[in-house]
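Nothing in this text is a laboratory measurement; each read-out follows from the coordinates by a stated rule. None of the values given here were measured: they were computed from a predicted structure. Glycine gets a Cβ as well: all are built from the backbone with ideal geometry, and neighbour counts include every protein chain shown.
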Amino acid sequence: MGYVEGRSVIIEQRWPADIHDRVPELLRELLALNVQVIVAQGAVVPVVRQAIDATPEVFGYSGDPVEAGLVNSFGRPGGNLTGAAYMSYEVNAKRLELLRGAFPHVGRVAIWLMRADRNAAMR
C-alpha cells in the first residue's frame, strides 16, 4: 500500500512481560502518543478492551470473542473492536476440511491447547 515505516506510518511496539502488571501502564503510554489504532493479541485483548473506549482495537484472539464478551457478534462486532479468532469453534470444521485436503491420508489428529486459557477450549 506504499506505507514506509517511520515516514508514512509509525509503529509503536510494546511487549509486556506480565499482562496484569504492565498493560495499563503501556496503554497509557500509547494513548498519550495519540495512536490511531491498537493491535492486540492473545490474553492481553480483554485487558486492552476494558481500558480503552474510543481508540480502535484490532485483535487476534485464540478463543471465542463473542462468548468472552469482547464483541457483539462475528458479523457485527460493534464498538471500536474487530479482529480474528484463531480457535473459535465455529470454524473448526473448516480447519479439519482444509487439513484433510492438504493431507488426505491423515486419519488421526491431535489438538493441544492450554487449559489455563478457558477461551481456547474447543467444543
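Odds and ends about this structure:
- Pairwise FRET efficiency - Asn80 versus Gln13, Cβ, R0 = 25 Å, nearest 0.05: 0.75
- Rounded to the nearest 20 debye, dipole of the chain from Cβ charges on Lys, Arg, Asp, Glu: 520 debye
- 10 Å beta-carbon shell around Val109, net charge (K/R +1, D/E -1): +3
- Glu5/Asn72 FRET efficiency (R0 35 Å; Cβ-Cβ; nearest 0.05): 0.55
- Long-range HN-HN contacts of Phe59 with modeled amide H, under 5 Å: Ala40, Thr82, Gly83, Ala84
- Full extension of the chain segment joining Lys94 with Ala51 gains 12.1 nm, where the gain is 0.36 nm per residue of separation less the Cα-Cα distance.
- Peptides 95-103, 34-42, 61-69, ordered by how many other C-beta atoms sit within 10 Å of their residues on average, highest first, read 61-69, 34-42, 95-103.
- Dipole of the chain [Lys/Arg +1, Asp/Glu -1 at C-beta], most positive-end residue of Asn92, Ala102, Pro46: Ala102
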